[in-house]
Amino acid sequence: MSGARLSVDLGRFRANLRELRRRAAPAEAMLVVKCDAYGHGLDRMVAAAAAEGVRWFGAFDSATAVRVRKVTGDGARIFAWVTMTDDELTRAAQASVTLGVGDAGYLERIAAVSRGRAMPVHLKIDTGLHRSGIRPEAWGGFVTRAAELEAAGEIRVDGVWSHIAEVSDRDDDIARAAFRDAVSIAEAAGLTPAVRHLAASAAGAARPGFRFDLVRFGAFAYGIRSAGAPSPDGIVPAATLLAPVIEIGERAVTVGVGTLDGLPATLAGCFDVGTPAGPRRLLRIDRVTSTVRPWPGVAIGDEVAVWGPGALGEPSPTDLAETIGTVGEEVMVRLSPLVPREYRVRRPPGRG
Ligand SMILES: *Cc1c(COP(=O)(O)O)cnc(C)c1O
């Protein structure tokens, strides 16, 4: 491979989590760990978050949920919202996973797999994104059926949830009103959903009325800000993508990172990497190497920072994403799993 590595600072990650938990309180903070914890490596991020006191993990799918359970043991609550096969459901039940359910047929399948296990579910209302979730006109019938299945001991309705776009406050406000109506209707049907959750990073960090009982934090936990918006105070990228200097020429320094590592070729010429002498333009991107404008005193084995918190003058993942019209998460999850993840364990300041 090219020699690039992703250095993850668990101290910075934990400081992000502390800031987000502080903002969300008294609501709880869920750490969303889909896509291998946004490319950071699932196991270490889950362990660090659990040590920081995070109790909820958003796993997306069954396999991830089971892996999270292996790391956390019994204490944590794990939420998975993709529709699963019956085999996956059985494994999820064994790992005490809470299931997000936004489809009537899926609710019936869960009840059938349950065999009296009262599987914990959070029912999803579609508040306008039209991706998944029960449409408002079908919600009344859906929660009535859920109450029957709960009375029969097949499911336990612990929560009601939805997902919002977090692009316009106005659309989010409309979604929030629809969400509150849905919770009232569920309660009128005899359900007692104790965990209501609607917001992901952006609304959860900025808008108190959107926090309800739980906020699902993905991007901000890893320090990835939203495109087109400043980083919230106290939120810093946890990971730095580093590439070693492997050849030094008059006009260009070759560094070990390329498109095979997941660096988008369209970024060539568009940004400065961080070097020991400050920012220098990244000139071209090949398969396993790239070239950078030289700096005084450059030596083989020096490392440049392709993205990170900015310590060497490098851009953040979202800075890069904005130059090619995508989002910071995309830059992170495109990083090849073959790039080694390394972890710096530094306790965040201010804790005994
Ligand atoms: C990915 C995801 C999140 C986290 O979103 P961020 O914007 O990264 O915080 C929350 N909820 C659901 C349902 C998701 O799919």
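The values are calculated or read from the model by the stated rules, or taken from the named source; none is laboratory data. Remember, predicted model here, so these are calculated numbers, not experimental data. Virtual Cβ from ideal backbone geometry, glycine too; neighbours counted across all protein chains shown. We work out accessible area using only protein heavy atoms, side chains counted, and drop any ligands, DNA or RNA first. Shrake-Rupley method; radii C 1.70, N 1.55, O 1.52, S 1.80 Å.
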Item to check | Accessible area of the chain belonging to carbon and sulfur atoms, whole % at 1.4 Å probe | outcome: 51 percent
Checklist entry - Under a 5 Å amide H to amide H cut-off, with H placed in plane at 1.01 Å, what residues pair with LEU214 once short-range neighbours are removed? => result GLU28, ARG196, LEU198
Item to check | Dipole moment magnitude, nearest 20 debye, segment 215-352 about Cα centre, only Lys, Arg, Asp, Glu C-beta charged | outcome: 340 debye
Checklist entry - Considering only protein heavy atoms, what is the solvent-accessible area of ASP74 at a probe of 1.4 Å, reported in Å² to the nearest 10? => result 150 Å²
Item to check | Computed accessible area, GLU322, all protein chains, 1.4 angstrom probe, square angstrom | outcome: 80 Å²
Next on the checklist: I need to check one value: relative contact order of segment 62-220, counting alpha carbon pairs closer than 8 Å and at least 6 residues apart, in percent.
Outcome noted: 17 percent
Checklist entry - In whole Hz, what ³J(HN,Hα) sequence does segment 220-236 give by Karplus (6.51, -1.76, 1.60; θ = phi - 60°), x for Gly and Pro? => result 5, 4, 8, x, 9, 7, 6, 5, x, 9, x, 5, x, 3, x, 10, 9
Checklist entry - So what J values fall out for segment 170-177 if you push phi through Karplus, 6.51 cos²θ - 1.76 cosθ + 1.60 with θ = phi - 60°, rounded to Hz, Gly and Pro as x? => result 5, 4, 5, 5, 5, 4, 5, 5
Checklist entry - Based solely on its DSSP helices, what 222 nm [θ] is calculated for the chain when runs of n ≥ 4 H residues each add -39,500 (n - 2.57) and the sum is averaged over all residues, nearest 500 deg cm²/dmol? => result -10000 deg cm²/dmol
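Quick one: order SER96, SER226, SER201 from most to least accessible surface, probe 1.4 Å.
Sorted by accessible area, descending: SER96, SER226, SER201.
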Item to check | Cα-based equivalent ellipsoid of segment 18-122: semi-axis lengths in Å, sorted from largest, via gyration tensor | outcome: 25, 14, 12
Next on the checklist: To test your reading of the geometry: what angle, between 0 and 90 degrees and rounded to tens, separates the Cα axis of helix 104-114 from the longest principal axis of the chain?
Outcome noted: 80 degrees
Item to check | Largest-first ellipsoid semi-axes for segment 174-239, taking √(5λ) over the Cα gyration tensor eigenvalues, angstrom | outcome: 30, 12, 8
Checklist entry - What is the set of long-range amide H partners of GLY262 at a cut-off below 5 Å, with H atoms built 1.01 Å from backbone N? => result SER336
Checklist outcome for this item: Interchain or sequence-distant (5+) residues whose placed amide H lies within less than 5 Å of the amide H of GLU342 are LEU6, SER7, VAL8
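Work out how much length ASP181 to LEU260 would gain on full extension: take 0.36 nm times their residue separation and subtract the Cα-Cα distance, in nm to one decimal.
23.6 nm is the gain from fully extending ASP181 to LEU260.
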Checklist entry - For the chain, what proportion of DSSP beta bridges, expressed in % and rounded to the nearest 5, is antiparallel? => result 40 percent
Item to check | Solvent-accessible area per residue, Å², over segment 1-114 with all protein chains present [probe radius 1.4 Å] | outcome: 37 Å²
Checklist entry - To the nearest 20 debye, what is the magnitude of the charge dipole of segment 58-107 about its Cα centre, counting +1 on the Cβ of each Lys and Arg and -1 on the Cβ of each Asp and Glu? => result 280 debye
Checklist outcome for this item: HN-Hα couplings for segment 120-128 via Karplus (6.51, -1.76, 1.60; θ = phi - 60°), in whole Hz with x for Gly/Pro, come out as x, 10, 10, 8, 10, 8, 7, 9, x
Checklist outcome for this item: Computed D for the chain, Stokes-Einstein, Kirkwood radius over alpha-carbon pairs, 20 °C, 1.002 mPa s, to the nearest µm² per second, is 100 µm²/s
Next on the checklist: Which one, VAL331, THR259, HIS40, is farthest towards the positive end of the dipole of the chain when Lys and Arg carry +1 and Asp and Glu -1 on their Cβ?
Outcome noted: HIS40
Item to check | Charge dipole (debye, nearest 20) of the chain; +1 at Cβ of Lys and Arg, -1 at Cβ of Asp and Glu | outcome: 860 debye
Checklist outcome for this item: Inter-part gap, Cα centre of segment 266-300 to Cα centre of segment 151-216, in whole angstrom, is 46 Å
Checklist outcome for this item: From most to least accessible, 1.4 Å probe, no ligand or DNA/RNA atoms counted, GLU108, GLU314 line up as GLU108, GLU314
Checklist entry - Tell me, what is the 1.4 Å probe accessible area of THR64, in Å² to the nearest 10? => result 30 Å²
